[in-house]
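Colleague: Please see the structure below; I have some questions.
The values are calculated or read from the model by the stated rules, or taken from the named source; none is laboratory data. Note that the structure is predicted; figures quoted are calculated from it, not measured. Virtual Cβ from ideal backbone geometry, glycine too; neighbours counted across all protein chains shown. With ligands, DNA and RNA removed, areas are computed over all heavy atoms of the protein, side chains included. Shrake-Rupley method; radii C 1.70, N 1.55, O 1.52, S 1.80 Å.
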Amino acid sequence: RQGYEEPHWQYPTASYGDDYTYQSHQWQPFLRQDDKDVSQGEPYGKSTNYWDQHYYKGYHPNLATTVPEQDRGQTYDSYEERYTLAARPERAGGETFGGDLGEAGVQPQEPSLLLQYRESGLSSSGYELSQYIHDGADHCDFTLSGTWSPGQAGGPLVSTPAPAAPHKFQWPHVAMCFGAGGQLVLVHPNRPAEGQQAHVAIHSLEVVLQDMKDLEELKAFPGPLAREDLHKVDVMTFCQQKIATSCDFSTQRGRDSALLWKLLVLLCRQNGSMVGSDTAELLMQDCKRQNYKRQNPAANLTGQTDDEWMSRQPGTLDLITGEVPPVVETQAQIVEKFTKLLYYGRKKDALVWAMRNQLWGHALFLSSKMDSRTYSWVLTGFTSTLATNDPLQTFFQLMSGRIPQAALCCGDAAWGDWRPHLAVLLSNKVGDMELNHRAIVTMGDTLAGRGAVEAAHFCYLMVDTPFSYFGAKADRMALLGSSHRQTFSQFARTEVIQRMEIFEYCQQLRQPKSFLLPFQVVYKLLYASRLADHGLPAQALQYCEQIATALLGQDPASHPVLAQQVMKVS
């Protein structure tokens, strides 16, 4: 195409476009001497971008000559008249634009020049033109002629049929679809009409996807767990394999995930039942050992200033007994001095001495026989010696009828491990069970707010928090060990659904009629669909049967959408 100029083509003036026949079906390009860019601002249907300018210039060079301005209208009239006469008999079935019906159809003609150009490679714009020319009777074709003049157009224009609609794909390709029973069907691009053998290949999806991690994860699970031939040892073995292969104990989240799997093993071993001491033992198995530093009681709690306290240090004269205490006092000497203070009736001094020397047993017993205010004062002094994150603080605060501070601060790196505090809450029930419940739920909410979802769900399970739906963002749990505040694809992972099914299985060991509706509604049916997608239709059908059995045990009319979806997947 090199060597050709690229002038802009232009339609006739807008006043010539009143006739519908001309606007829709017939037009001729003209070139003006004073032509300018007319590609801007033109109506969509008249844009010259839809027609390859080189096509007309390359094979109809006379069209590129300048038509004088004064002959434009006359030229259009002759074109319109010739087109109207030629187009009417060309409409197949006797239909013309002029309204004449019932005329005879056209005789078979040679393939259009457009198709010839495209097949011969003369014009690279043939494919583009074929997108817009679909009916040869609607458009005027030009004859290939070395010379052309308007006088040659005296006779009726003869148009040839345009090619059929273009193929959707330029080259033959393999057609693929999914068949029933976990199959992949491939149709190879052979042409039987040309003597080639038709070839259809049927593959098993299980074989095609055998190296994928998702398929291995699905095949390793012993589900569905409602099978009669399933033993709970198989379930416990699967949980232990998950702990060994998918839990990173170097991270806090990995340890929390392993804790959930261990809890499922415990529930499965004890047929779905557990007590607080069992869970406390589980919590302390891999708990990080931490040393909690003890502190001296504050001076304002003992009622003495620093100077008064220094005056009572070893090596200074004791004004009460008139003796000089030894530099290093043994436990026996400390108790002896406590007794001597009581000899002289100095009970408050004896309390201060006991508190200063960590004789909390003596101090608490003595204060309990005095007034309640003194007892509270000694008790506060004792708790002030404990570290803030000491589990003893959690215990004493719970026994005092308060929600422990650990429930509001756990999960922070500076606070330490949360497990000893939960063990204290589970193993020591106070008279007010509601207080225990609120303390554990508060701890779970705190952990969830810090991103420790597995740890939070462990707390929720301890107080039988019900499961909810994915869309109920205000609720605490939807699937065990997964936050429903993230996207659904991240939320409903295969491992999470498997863990939830094991928990449901443990519940049914204790209560055979247990029915977790939110889990049955979406997630187990979703898991069945994933099995079918990976070429495991037999297991998928077993899941559908299990869901249908559970629905029949309930009221099928109360879950019409679920019943319809189960039948559809089945």
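Colleague: Is it the case that some residue within segment 237-249 is under 19 Å from ALA455 (Cα atoms), among the polar types (S, T, N, Q) and buried (at least 19 other Cβ atoms within 10 Å of the Cβ)?
Modeller: Checked segment 237-249: no residue is under 19 Å from ALA455 (Cα atoms), among the polar types (S, T, N, Q) and buried (at least 19 other Cβ atoms within 10 Å of the Cβ).
Colleague: Could you run through segment 381-391 and say how many residues are in contact (Cβ under 8 Å) with a residue 40 or more places away in the chain and open to solvent by 30 Å² or more (accessible area, probe 1.4 Å)?
Modeller: 2
Colleague: Ok, one more. In this structure, does MET443 turn out to be crowded, with 17+ Cβ neighbours inside 10 Å, in contact with a strand residue (DSSP E or B) (Cβ under 7 Å, 6 or more places away or on another chain) and part of a helix (DSSP H, G or I)?
Modeller: no
Colleague: Could you list, in sequence order, the residues of segment 398-424 that are open to solvent by 20 Å² or more (accessible area, probe 1.4 Å) and either of a type in the set (A, V, I, L, M, F, W, C) or part of a helix (DSSP H, G or I) (or both)?
Modeller: The answer is MET399, ILE403, LEU408, CYS409, ALA413, ALA414, TRP415, VAL424.
Colleague: For segment 537-559, enumerate the residues that are hydrophobic (A, V, I, L, M, F, W, C) and more than 19 Å from ILE502 (Cβ to Cβ).
Modeller: Residues satisfying the conditions are ALA538, LEU541, CYS544, ALA548, LEU551, LEU552, ALA557.
Colleague: Filter segment 425-440 down to residues that are in a helix (DSSP H, G or I) and free of Cβ contacts under 8 Å to residues at least 40 places away in the same chain and give me whichever is nearest to the chain's Cα centre (by Cα).
Modeller: The initial filter retains those residues of segment 425-440 that are in a helix (DSSP H, G or I), namely 425-427, 433-440.
If we keep only those that are free of Cβ contacts under 8 Å to residues at least 40 places away in the same chain as well, we get 425, 433-438, 440.
On the way: LEU425: 35, MET433: 38, GLU434: 36, LEU435: 36, ASN436: 35, HIS437: 32, ARG438: 31, ILE440: 29 Å.
By that ranking, first place goes to ILE440.
Colleague: Find all pairs meeting these conditions: Cβ atoms under 9 angstrom apart; at least six residues apart or on different chains; first residue within segment 479-493 and of a type in the set (S, T, N, Q) and at pLDDT 90 or above; second residue open to solvent by less than 80 Å² (accessible area, probe 1.4 Å) and part of a loop (DSSP other than H, G, I, E, B).
Modeller: SER482/ALA492; SER483/GLY451; GLN490/SER483
Colleague: Ok, one more. Please specify each residue of segment 257-275 satisfying the condition of being touching a residue at least 40 places away in the same chain (Cβ under 8 Å) and either open to solvent by 10 Å² or more (accessible area, probe 1.4 Å) or part of a loop (DSSP other than H, G, I, E, B) (or both).
Modeller: So in segment 257-275, the residues touching a residue at least 40 places away in the same chain (Cβ under 8 Å) come out as 257, 259-261, 263-264, 267-268, 271-273.
Passing the criteria: SER257, ASN271, GLY272, SER273.
Colleague: Here's another thing I want to ask about it. Taking LEU225 and the conditions (1) under 25 Å from TYR505 (Cβ atoms); (2) surrounded by 10 or more Cβ atoms within 10 Å (Cβ to Cβ); (3) more than 34 Å from the chain's Cα centre (by Cα), which numbered condition does it fall short on, given that it satisfies the others?
Modeller: (3)
Colleague: Filter segment 199-214 down to the residues that are of a type in the set (Val, Ile, Thr) and more than 28 Å from the chain's Cα centre (by Cα), then identify the one that is farthest from PRO172 (Cα to Cα).
Modeller: Per the stated criteria, the residue is ILE202.
Colleague: Looking at (1) touching a residue at least 24 places away in the same chain (Cβ under 8 Å); (2) touching a Lys or Arg at 6+ places or on another chain (Cβ under 8 Å); (3) not charged (D, E, K, R), which is the one condition that is false for VAL463?
Modeller: It fails just one condition, (2).
Colleague: While we're on this one: When only residues in segment 355-380 that are of a type in the set (Lys, Arg) and part of a helix (DSSP H, G or I) count, which is surrounded by the most Cβ atoms within 10 Å (Cβ to Cβ)?
Modeller: Going through the qualifying residues, I end up with ARG356.
Colleague: Sort out which residues of segment 461-486 are in a loop (DSSP other than H, G, I, E, B) and aliphatic (A, V, I, L, M), and write them in order of number.
Modeller: Within segment 461-486, VAL463, ALA472, ALA474, MET477, ALA478, LEU480 qualify.
Colleague: For the list (1) under 28 Å from the mean Cα position of the chain (by Cα); (2) assigned to a loop (DSSP other than H, G, I, E, B), I need the number of the one condition that GLY254 fails.
Modeller: GLY254 satisfies all of (1) under 28 Å from the mean Cα position of the chain (by Cα); (2) assigned to a loop (DSSP other than H, G, I, E, B) except (2).
Colleague: Testing ILE502 on (1) assigned to a helix (DSSP H, G or I); (2) without any contact (Cβ under 8 Å) to a residue 40 or more places away in the chain; (3) open to solvent by less than 10 Å² (accessible area, probe 1.4 Å), one condition comes back false. Which one is that?
Modeller: (2)
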